[in-house]
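Encoded as structure tokens, the structure appears first; notes follow it.
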Amino acid sequence: MPEHEPRPDLWDRIDADLRADAVIDRTLDDLPVFEPQDDAWEQIAGRLEKPVVRPLWPRSFRWIAAAAVVALVAGIWAVWQPVSDEKVTIAYATETVETEWAATPEPLPSSTDQKVETFINEQCAQQIVVCQKPEVKELKQQLRELSNRKMAVEQELLVFGNDPALVQAQIKIENERAEVTKELVRILRI
């Protein structure tokens, strides 16, 4: 069988996981106990017995009808457009501008990135114990590294233009960032 070398920080991660689980267990023991009302089951059963009103048209038919209306309006608009004798000429030129690396503006983070970062920071402020878990710390570190790589690729795109290799790298980084962000948000919402 092939030999496998574990990561050097494996025992530290396992120990940190166990300590974090112990803290969560102690915290769970301190939570208040809630007693439901005596008639809770009767209230739930009463809600379940109410008739359910379903729409006459399912949602998919509504979308098909909306698409048909849009296509009809677009067709009518295209037919009623006035015919013009104008001739349109399109011309273009390519200019090369030499810029220094330091002179290129740094791309601003998108509003979505800012919202996600704000959400993660708020959740970590509220759930300090969960944010101390090694897997959360590792995901946050991966997200920082991917964000740095994304900014570097965006800088290169500013300098070299839409090079297909750079665009592919940008898409790959964005997909990885999305996966890491999704996993981090999933853990913080638990």
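Can you pull out every residue in the stretch 46-72 that is modelled with pLDDT of 75 or more and open to solvent by less than 80 Å² (accessible area, probe 1.4 Å)? Give the steps one after another, and end with the answer.
Within the stretch 46-72, the subset modelled with pLDDT of 75 or more is 46-48, 64-72.
Hits for the stretch 46-72 are Gly46, Ala65, Ala66, Ala67, Ala68, Ala71.
Of everything in the stretch 100-117 that's of a type in the set (S, T, N, Q) and surrounded by fewer than 10 Cβ atoms within 10 Å (Cβ to Cβ), which residue is modelled with the highest pLDDT? Walk me through it before giving the result.
We begin by selecting, within the stretch 100-117, every residue of a type in the set (S, T, N, Q); these are 104, 110-112, 114.
This time we only want the ones that are surrounded by fewer than 10 Cβ atoms within 10 Å (Cβ to Cβ), so: 110-112.
Numbers: Ser110: 69, Ser111: 75, Thr112: 78.
Across the stretch 100-117, the extreme among qualifying residues is Thr112.
Check off (1) part of a helix (DSSP H, G or I); (2) at pLDDT 85 or above for Gly75 and give me the number that stays unchecked.
(2)
Could you check the stretch 159-178 and list, in sequence order, the residues that are under 25 Å from Val116 (Cα atoms) and surrounded by 12 or more Cβ atoms within 10 Å (Cβ to Cβ)? Talk me through it step by step, then tell me what you get.
Restricting attention to the stretch 159-178, the residues satisfying the condition of being under 25 Å from Val116 (Cα atoms) are 166-178.
Matches in the stretch 159-178: Leu166, Val167, Ala169, Gln170, Lys172, Ile173, Glu174, Glu176, Arg177, Ala178.
State yes or no: is Thr94 hydroxyl-bearing (Ser, Thr, Tyr), modelled with pLDDT under 85 and either on the phi < 0 side of the Ramachandran plot or not in a loop (DSSP other than H, G, I, E, B) (or both)?
Working: hydroxyl-bearing (Ser, Thr, Tyr): yes; modelled with pLDDT under 85: yes; either on the phi < 0 side of the Ramachandran plot or not in a loop (DSSP other than H, G, I, E, B) (or both): yes.
Yes; evaluated as a whole, the condition is true for this residue.
Here is a yes/no grid of residues against (1) at pLDDT 85 or above; (2) open to solvent by 70 Å² or more (accessible area, probe 1.4 Å); (3) closer than 19 Å to Leu139 by Cβ; (4) of a type outside the set (A, V, I, L, M):
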{"site": "Pro2", "(1), (2), (3), (4)": "no, yes, no, yes"}
{"site": "Asp12", "(1), (2), (3), (4)": "yes, yes, yes, yes"}
{"site": "Ala16", "(1), (2), (3), (4)": "yes, no, yes, no"}
{"site": "Asp25", "(1), (2), (3), (4)": "no, yes, no, yes"}
{"site": "Leu31", "(1), (2), (3), (4)": "no, yes, no, no"}
{"site": "Asp38", "(1), (2), (3), (4)": "yes, yes, no, yes"}
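Would you be able to say whether some residue in the stretch 128-144 is open to solvent by less than 100 Å² (accessible area, probe 1.4 Å), of a type outside the set (Lys, Arg), over 26 Å from Asp9 (Cβ atoms) and at pLDDT 90 or above?
no
The values are calculated or read from the model by the stated rules, or taken from the named source; none is laboratory data. Computed from a predicted structure; not experimentally measured. Every residue, glycine as well, gets a Cβ built from its backbone with ideal geometry; the counts of neighbours run over all protein chains shown. Accessible surface is based on the protein model in full, side chains and every heavy atom, while ligands, DNA and RNA are left aside. Shrake-Rupley method; radii C 1.70, N 1.55, O 1.52, S 1.80 Å.
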